[in-house]
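Heads up: the structure comes next, in C-alpha cells.
Laboratory data are not the source of any read-out in this text; all were calculated from the coordinates shown. The shown structure was predicted, so the numbers you read here are calculated from the model rather than taken from an experiment. So basically every Cβ, Gly included, is an ideal-geometry build from the backbone, and we count neighbours across all protein chains shown.
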Amino acid sequence: MNRYVKKMALWAAAAPLAVFILAACSSAPPFSDVMNKDWNLAEVRVKPENIIIERDKLKEEGFGDIFTLRIDAERVNGVGAPNRYFAPYTVDKQGITIKTVAQTMMLAIREPEGLKELDYFTYLQNAAKWNLNKENLELYSKGKDGAEAVLVFTPADK
C-alpha cells in the first residue's frame, strides 16, 4: 500500500508541471489578441522583391492612413488606397478566411509604395493563416498569380 501512495503522490506532483509544459508548447495565440486593434500594413513579403510600406514617407505625402486593417467580431475593415473596405471573415485556430471585400468606389490618384489596392484586396481575400510574430500580425496569403505572400501588419499605435 505504501508503494501505491508514493506513486499517486508522484503523479499528483507531476500533473501541474505537465499541464504547464503543454500550455507553453501551444504556440497559437488567441485570436482575441488581434481583434479590436488598428493595424498598419508594413510589408508584403512576396517574391521576387518584398514591398516595404514606408509609413513616415506616406505621412509626409498625405497618405498616412492607407493599407490599414481592423478586425472586429464580425468583419475586417480598413482603408486600402484610397477606398474604405470591409469583408466578413471566419477564423479557426490559426486559419482565417476573408470573404469578398466590399469597397467604396473612389478613384486612386496614385498607387503608393508599389502596391496596387486591388492586389491588397486580393491578398486579404486569399489569406489562409494568421499569426502573431512578436507584436506584428502576419497574414499568410497568395497573390492572383498563386505566389505565396505574407502581409505584415504593425500596431497602429507604434
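Annotations for the structure displayed:
- Taking the convex hull of Cα positions in region 31-155, its mean projected area over all directions (nm²): 7.3
- Region 41-55 - phi-based ³J(HN,Hα) in whole Hz, Karplus 6.51/-1.76/1.60, Gly and Pro as x: 5, 10, 7, 10, 8, 8, 7, x, 9, 5, 9, 9, 8, 8, 4
- Shape summary: region 66-112 maps onto an equivalent ellipsoid whose semi-axes, from the alpha-carbon gyration tensor, are 23, 10, 8 Å in decreasing order.
- Annotation note: GluC sites (Glu not before Pro) in region 56-158 located in DSSP loop regions with a Cβ neighbour count of at most 12 within 10 Å are Glu61, Glu74, Glu135.
- Across region 121-138, computed HN-Hα scalar couplings (Karplus, 6.51 cos²θ - 1.76 cosθ + 1.60, θ = phi - 60°) run 5, 4, 4, 4, 5, 9, 4, 10, 8, 10, 7, 9, 10, 6, 10, 9, 8, 10 Hz from first to last residue, x flagging Gly and Pro.
- Residues with amide H under 5 Å from that of Asp38, placed H, sequence gap 5 or more: Ala156
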